[in-house]
Amino acid sequence: MALCSVVAAGVSGGMGYQVTVEVHIGQGLPTFTILGRPDDICRESRDRIRAALVNSGFYWPAQRITMNLYPADQRKVGSALDVAMALALLVGDGQIPASLVEGVAFVGELALDGRIRSVSGVAPMMLALRNQGAVVIPGENVAEALLAVGSQVRVAETLRGLVECLSGTAPWSDVSNLRPDGGIPEVADRGCDLADVRGQAAGRLGVELSASGGHHLLLIGPPGSGKTMLAERLPGLLPPLDEQTALEVMIMQSASRSGDGGWAEVRTPPMRAPHHSASTVSIVGGGGSSLRPGEVSLAHGGVLFLDELGEFAPSTLDGLRQPLESGEIHIARAETRTVLPARFILVGAANPCPCGHGTPGSCSCDESALAKYRRRFSGPLLDRFDLRVLVSRPTVHELLDAPVGETSAQVRDRVVATRAIALERQGFLNARLSGEDLDRYAPVEDEGRKLLRHELESGRLTGRGLQRLRRVARTLADRRGHLADVEPIDIATALALRARIGGRHAAGG
């Protein structure tokens, strides 16, 4: 009879947790039993481990093998425990001494020939194992592992090579040169520049204000007017992610990967653009016991673009309301629950009406069709868009004769300066100003209050809409470098950037 335990890790809901692999090898008919709630992929490790051991020159114990994955109440998902389970078997059978695995954790999937393959979720696993003396990972996962913890990383390519390194008969690979100097590199070039957009003064202002204040943006216009083109250029206006947000983004992306081993080591704000047929779970996260991050978490620190907003399921759009307000998503299932980061800029694109034209003389929609179209967008969701900007098709003059507009780099400099004003004044972006903060940091002059009163009394502006409009006005004032009261011109401009969807013309509301 032999007992052994080896440390490994798993991922649930984008967060890593430590797993202890315990093995008992005793007398009885040759069997292999895995305890501790393994899923189908984890249970299949029995056959992968057996083939890997034999093809690496080791022996398969022809005895009764019982393997327990602690904690037993946590669902074990995926193949990341393969290497730890194989080493536990070797120690339990006496083929290698137990001292080789003490103080070391192991993560990786085994191929049938004994190679160690990459797995998803290495970054959160490394954070869960940071108290271990060293962590052995597949070579393809080394970049994200180094970015997550910066040290204690060892790399193994095969099971036989791993045992030789543990026993001291072969040296460990040097991985220090794989970590980029200075940590995570700066923003990468996306190849989309705002200078490509001809005309579209309102649309260009909308994306700049969205980037400057972190405001959610809805672009309303007919097909071919450039809504997608504008949205794709918004991430290029955002400054690089700070160290903490970059780490959170990396963890979310690492936990959601399919295990291809690749990793983009940049501080570029992410851009996610799911198709309108995407399910609610794929957008908000969840899906079984593993609770994978959804698009809202993968867009953390960047932009979530929903093209053809009216084609998304109403339940999916309503599921965005919590993360839009709090910057995080609470996912609860019968057996587990988790909280994932989800602070992003939501950009939606929609036609002004069912036929797409939305202007008198060209719109063919009757009032019944317009009313039905408006019902696709719930009032609470529309109110969460600080900016609702009309985008019209560019004219022939704008396409052929108009001068090229400002580049993304030029606008980004102004965005950074506008953000710096807000951060110095209140410590966060204007999109997060509460009602009390607005009274303190964004007081409105008397003429501006008259404009707001008129919009409220006419019913074109709700209480929530008022708060969001004042946030945009504060950003407009910061953009002009005006640090005192919000002036009437800022209120009027914010009102002009708050169009109404599903009408003959998009004004008001």
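Structural remarks
- For segment 368-448, the list of GluC sites (Glu not before Pro) that fall in a loop by DSSP and count at most 16 other C-beta atoms within 10 angstrom reads Glu406, Glu445.
- Estimated from helices alone, the mean residue ellipticity of the chain at 222 nm is -10000 deg cm²/dmol (sum of -39500 (n - 2.57) over DSSP H runs with n ≥ 4, per residue).
- For segment 345-496, the calculated P(r), taken from all Cα-Cα distances in 5 Å bins from zero up to the bin holding the longest distance, is 1, 8, 14, 16, 17, 15, 13, 10, 5, 1, 0 percent.
- Taken along the Cα-to-beta-carbon direction at a fixed 7 Å, the label points for Ala371 and Ser279 span 3.6 nm.
- Computed over neighbours whose Cβ is under 12 Å from that of Pro61, the net charge equals +1, Lys and Arg +1, Asp and Glu -1.
- Helix 408-426 and the long axis of the chain differ in direction by around 90°, with both axes built from C-alpha atoms.
- Pair Glu424, Gln244: separation of 7 Å Cα→Cβ label points (nm): 2.2
- Think of a 1.4 Å ball rolled over the protein heavy atoms: the chain then has 43 Å² of accessible area per residue.
- Rounded accessible area of Trp172 (nearest 10 Å², 1.4 Å probe): 70
- Given a 1.4 Å probe and the protein chains as shown, Ile345 ends up with an accessible area of around 10 Å².
- Between Leu483 and Ser326, the FRET efficiency from the beta-carbon distance, with R0 = 30 Å, is close to 0.55.
- Spherically averaged projected area of the convex hull of Cα atoms, the chain: 27.6 nm².
- The packing ranking, built from the mean of other Cβ atoms within 10 Å per residue, places the peptides 217-224, 368-375, 132-139 in the order 217-224, 132-139, 368-375, highest first.
- Carbon + sulfur, % of accessible area of segment 372-489 - ligands and nucleic acids excluded, 1.4 Å: 51
The values are calculated or read from the model by the stated rules, or taken from the named source; none is laboratory data. These numbers come from a predicted model, not from an experiment. Don't worry about glycine lacking a Cβ; one is built from the backbone with ideal geometry, like all the others, and counts go over all protein chains shown. Side chains included, ligands, DNA and RNA excluded: accessible areas come from the protein's heavy atoms. Shrake-Rupley method; radii C 1.70, N 1.55, O 1.52, S 1.80 Å.
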